[in-house]
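Contents: one structure, followed by commentary.
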Amino acid sequence: MNKLRALQRLVARSERGSITPLAIIYAVIALAAALLLFAAADLYLERKQLYTHADAAALAAANTFELSEVAAEDGTPRIQLDQAEATEAAEAYLAAHGSSELMLVNVTVDEDRVTIYVEGRWQAQIGGMFFPVSVPLGVEVSAQALFQ
């Protein structure tokens with residue numbers, strides 16, 4: 001009986017503190033999951049901000065027509081946008097209001113509609129020293145010139 005108790009005490013001593021390494025491992029996993037969740041949210045917000053800048057640049061490009069250039073066919077006004085003026089307006093807006101990483105890639109003008117493609121780059125803010133991740137982002141936006 002004494003040998004059984006001695007064996008039980010020995011087993012109990014060897015299992016003391018075995019929860020500590022397990023708790024440390026779970027804490028590291030939880031921290032990594034939190035960092036991943038934060039990075040995903042930051043990437044989503046960066047894309048939304050890129051979309052907002054591209055949308056505003058497209059609106060600026062769509063409003064480059066002069067009232068004297070509006071032609072009327074069959075009693076309805078028709079707007080014809082200029083490619084160079086639309087590109088210049090979109091570049092000016094992005095230079096004034098966007099970050100330095102934004103790049104206007106393409107501007108397409110189809111009569112009264114402007115379609116622009118803007119690219120940016122997302123860099124991980126937290127955890128960037130451990131995981132230096134950089135993701136290219138791109139959005140395409142259209143805007144139509146309206147005669148009001």
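The values are calculated or read from the model by the stated rules, or taken from the named source; none is laboratory data. Bear in mind that the values here come from a model prediction, so they are computed numbers and not experimental data. Neighbour counts run over all protein chains shown; Cβ positions are idealised from the backbone, glycine included.
List of remarks:
- Scan of region 9-34 for residues that are at pLDDT below 85 and in a helix (DSSP H, G or I), ordered by number: Arg9, Leu10, Val11, Ala12, Arg13, Ser14, Ile19, Thr20, Pro21
- Here the condition is being over 30 Å from Leu31 (Cβ atoms), touching a Leu at 6+ places or on another chain (Cβ under 6 Å) and not assigned by the TED database to the domain that holds Ala61; of Glu91, Glu140, it holds for Glu91 alone.
- For region 109-120, the criterion of being assigned to a helix (DSSP H, G or I) and either under 27 Å from Phe147 (Cα atoms) or more than 18 Å from the chain's Cα centre (by Cα) (or both) is satisfied by no residue at all.
- Set Ala57, Ala61, Ala39: member being touching a Phe, Trp or Tyr at 6+ places or on another chain (Cβ under 6 Å), among the aliphatic types (A, V, I, L, M) and in contact (Cβ under 8 Å) with a residue 60 or more places away in the chain: Ala57
- Among the residues of region 81-108, the ones that are closer than 12 Å to Asn63 by Cβ and under 18 Å from the mean Cα position of the chain (by Cα) come to 0 in all.
- Candidate set from region 66-102 (those that are among the charged types (D, E, K, R) and part of a loop (DSSP other than H, G, I, E, B)); member that is nearest to Glu140 (Cα to Cα): Glu101
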